[in-house]
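Q: Before I ask anything, here is the structure I am working with.
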Amino acid sequence: MPDIVIWIDADACPVREETYKVALRHKVPVRVVSNSFLRVLEHPLIQRIIVSDGFDAADDYIADNCGPGSIVITADILLADRILKAGAKGMSPKGEPWTDDNIGTAIATRAIMADLRAGAMGENIGGPKPFTHADRSRFLQTLHSEIEKLKRLL
């Protein structure tokens, strides 16, 4: 059976510190993947992985290396789709799980929003909602729950 590993799509992740906290409590290794140097917690369970600055290099690395037993933290919907196909669990930094049931809708919504932004001609149609304390709390709870579920399965 595979071991549990947490992967962080780290370049714009607002919950790295929270991830370390939960992972260390459960003694689960964390792989922090980014296109450039980021400070990470110095601990034997935390590994910094710097990939090239090529388009989707971090996404490609995560998708190619995750699998069953992996939990991937990403706000990137297309990466979420790839990791689900690889058998990994996924969740957004706001604590929303990525699942086979919701990924199709998320991809479709992403495409619609891209079309709306492209046709807005300088108008501000808004972006994602700001990251809140409630999002942080939901993330902590969801990550803990996902680790517990995987421990029972593996």
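Laboratory data are not the source of any read-out in this text; all were calculated from the coordinates shown. In this text, all values refer to a predicted model and were calculated from it rather than measured experimentally. Cβ placement follows ideal geometry from the backbone for every residue including glycine, while neighbour counts extend to all protein chains displayed.
Q: Mind giving me the FRET efficiency for residue 50 and residue 152? R0 is 22 Å, r the Cβ-Cβ distance, nearest 0.05 is fine.
A: 0.05
Q: Here's a follow-up. Where a Cα-Cα gap under 16 Å defines reach, which lysines qualify for residue 149, not counting those fewer than 8 residues away within the same chain?
A: Qualifying lysines at Cα under 16 Å: 27, 89.
Q: Going through the cross-link list 21/151; 21/85; 85/151; 129/151, which pairs have a Cα-Cα distance over 25 Å in this structure?
A: 21/85; 129/151
Q: Can you list the trypsin sites (Lys or Arg not before Pro) in the stretch 1-34 that are in a DSSP coil and have 10 or fewer other beta carbons within 10 angstrom?
A: Those that pass, being in a loop and sparsely packed, are 27.
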